[in-house]
Amino acid sequence: LRLESELRQALGNGELQLYYQPKVSLRTGRIMGAEALLRWRHPARGMVSPGVFIPVAEETGLILELGNWVLEEACRQLHAWRDAGVPAPTIAVNLSGRQFDSQLPERLAELLARRGVLPEQLMLEITESLLVRGTENVIAIMNKLVAMGMALALDDFGTGYSSLAYLKKFPISTLKIDRSFVIGLPDEENDCAIARAIVTMARQLRQEIVAEGVETPEQMAFLRGLGCHQLQGFLFSPAVPAAEFEAMLREDR
Ligand code: G
Ligand code: G
Ligand code: NA
Ligand code: MN
C-alpha cells in the first residue's frame, strides 16, 4: 500500500525516468533501436526495480497512468532527438495487457500527432498473456495499431502459454527470444534446441528475431549461426539514460 501511494507520487515528482537499451543488428553491428525501460529513483529507497513496482502497478490499476507516462515520455524524447538532429532510432515501449483497450489506437494517434512522431518510430512490446487472452477485440486493436504504422513485438517469447502457431493469428512482426533460453547458449543442449527451433520457424514466418540477454561473444556467435537478426544485452550495453544512449547513437552513425 505504501509502495502504491509512493508510486502515485513518483509519477508527479519526476522520480521516474526512461532508460534505453540498444538493439544491435547482427549483420552490421549497428544500433537498430532501443527498448525503453522504466527506472524509479526513490528519494529514500534508491533505485527501485520495475520488477518490483510494475506488478504493484498492475494489481492496483496504476499501470494505466504509468503506461501513459511512459508513452508520453518516449514520444517527447523522440521529438527532442529529432530537434537535436540525432538520427532517429525506433524506440520500443513495453505495454501491459491492461493498457490494451479499444481506446489505445486513438490515444496513440493523438500522442504521435501532438509530438510530431512518426508511427514507425514507435514499437510496442507485448507479452504472450495478451495473445492467450486472444479475443477478437485484442486482434482488432492490434490490426489498427499496425495499420497506423506501428510494429508489434512479442516479448519474452517461449516463457508463456502461446506457441509459434499463435504468430499466424496476430499481426506481430518481431519476436524476442527470452533471456532464459539465451543464458545456456552454446553449452546447454536444451537451450540450443529451443533457440534453434524458435529461430528456424520464426524465420519461415518472416519474423524479425531479437535475442534478449546476450552477455557473451559465444552466445552471439551461436545466435549468428542460427540466423537471428538483432541482439540486446549486457554484451553491448545495459539500459542507459537518454543522454548516454544519444552519445552511443552519434558514435554509431
Ligand atoms: O529493466 P529491467 O530492467 O529490470 O525490467 C524488469 C521488468 O520490468 C521487465 O519485465 C520489463 O519488461 C518490465 N518493464 C520495464 N519497463 C516497463 C514499462 O515501461 N512498462 C511495463 N509494462 N513493463 C516494464
Ligand atoms: O521482461 P523484459 O524482457 O522486458 O525485461 C528486460 C530485463 O532484462 C530488464 O530487467 C533488463 O535490465 C534485463 N536485461 C537486459 N539485458 C540483460 C542481460 O544481458 N543480462 C541480464 N541478466 N539481464 C538483462
Ligand atoms: Na520488454
Ligand atoms: Mn523480454
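The values are calculated or read from the model by the stated rules, or taken from the named source; none is laboratory data. Keep in mind that this is a model prediction, so the values were computed, not measured. Cβ sites come from the backbone with ideal geometry, for glycine too, and all protein chains shown count toward neighbours.
Would you check if there is a residue in the range 115-125 being within 16 Å of ligand 4 (Cβ to nearest atom), hydrophobic (A, V, I, L, M, F, W, C) and either loosely packed, with under 13 Cβ neighbours inside 10 Å or in a strand (DSSP E or B) (or both)? Checked against the condition, which is being within 16 Å of ligand 4 (Cβ to nearest atom), hydrophobic (A, V, I, L, M, F, W, C) and either loosely packed, with under 13 Cβ neighbours inside 10 Å or in a strand (DSSP E or B) (or both), the range 115-125 yields at least one hit. Filtering the range 159-194 to residues that are within 17 Å of S129 (Cβ to Cβ), outside any helix (DSSP H, G or I) and away from ligand 3 (no atom under 16 Å from the Cβ) leaves Y161, S163, L164, A165, F170. For the range 85-94, does any single residue satisfy the condition of being part of a helix (DSSP H, G or I), at pLDDT below 95 and buried (at least 16 other Cβ atoms within 10 Å of the Cβ)? Checked against the condition, which is being part of a helix (DSSP H, G or I), at pLDDT below 95 and buried (at least 16 other Cβ atoms within 10 Å of the Cβ), the range 85-94 yields no hits at all.
This table checks each residue for (1) closer than 27 Å to G225 by Cα; (2) charged (D, E, K, R); (3) in contact (Cβ under 8 Å) with a residue 24 or more places away in the chain.
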{"site": "E128", "(1), (2), (3)": "yes, yes, yes"}
{"site": "G134", "(1), (2), (3)": "no, no, yes"}
{"site": "V138", "(1), (2), (3)": "no, no, yes"}
{"site": "L154", "(1), (2), (3)": "yes, no, yes"}
{"site": "Y166", "(1), (2), (3)": "yes, no, yes"}
{"site": "L175", "(1), (2), (3)": "yes, no, yes"}
{"site": "D178", "(1), (2), (3)": "yes, yes, yes"}
{"site": "D191", "(1), (2), (3)": "yes, yes, no"}
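Residue-level check: of (1) of a type in the set (S, T, N, Q); (2) at pLDDT 95 or above; (3) closer than 22 Å to V138 by Cα, Q99 misses just (2).
Conditions tested, residue by residue: (1) within 15 Å of ligand 3 (Cβ to nearest atom); (2) in contact with a Pro (Cβ under 7 Å, 6 or more places away or on another chain).
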residue: R2; (1), (2): no, no
residue: L7; (1), (2): no, no
residue: A10; (1), (2): no, no
residue: N13; (1), (2): no, no
residue: L18; (1), (2): yes, no
residue: P22; (1), (2): yes, no
residue: A34; (1), (2): yes, yes
residue: E72; (1), (2): no, no
residue: L78; (1), (2): no, no
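Residues in the range 97-106: is at least one of a type in the set (F, W, Y) and more than 16 Å from ligand 3 (Cβ to nearest atom)? The answer is no, given that none of the residues of the range 97-106 is of a type in the set (F, W, Y) and more than 16 Å from ligand 3 (Cβ to nearest atom). No other residue among G67, G33, G29 is modelled with pLDDT of 95 or more and part of a loop (DSSP other than H, G, I, E, B) apart from G29. Looking at (1) surrounded by fewer than 21 Cβ atoms within 10 Å (Cβ to Cβ); (2) hydroxyl-bearing (S, T, Y); (3) in contact with a Leu (Cβ under 8 Å, 6 or more places away or on another chain), which is the only condition T174 fails? Failed condition: (1).
The residue that is modelled with the lowest pLDDT, counting only those in the range 168-221 that are more than 16 Å from ligand 1 (Cβ to nearest atom) and in contact with a Lys or Arg (Cβ under 9 Å, 6 or more places away or on another chain), is L205.
Considering the range 24-36 alone, what residues qualify as being within 14 Å of ligand 4 (Cβ to nearest atom) and in contact with a Leu (Cβ under 7 Å, 6 or more places away or on another chain)? Correct list: A36 only.
Restricting the range 204-224 to residues that are in contact with a helix residue (DSSP H, G or I) (Cβ under 9 Å, 6 or more places away or on another chain) and part of a helix (DSSP H, G or I) leaves a set whose member that is nearest to I177 (Cα to Cα) is L223.
Selection within the range 225-247: residues that are surrounded by fewer than 17 Cβ atoms within 10 Å (Cβ to Cβ) and assigned to a helix (DSSP H, G or I). The member of this set that is farthest from ligand 1 (Cβ to nearest atom) is G225.
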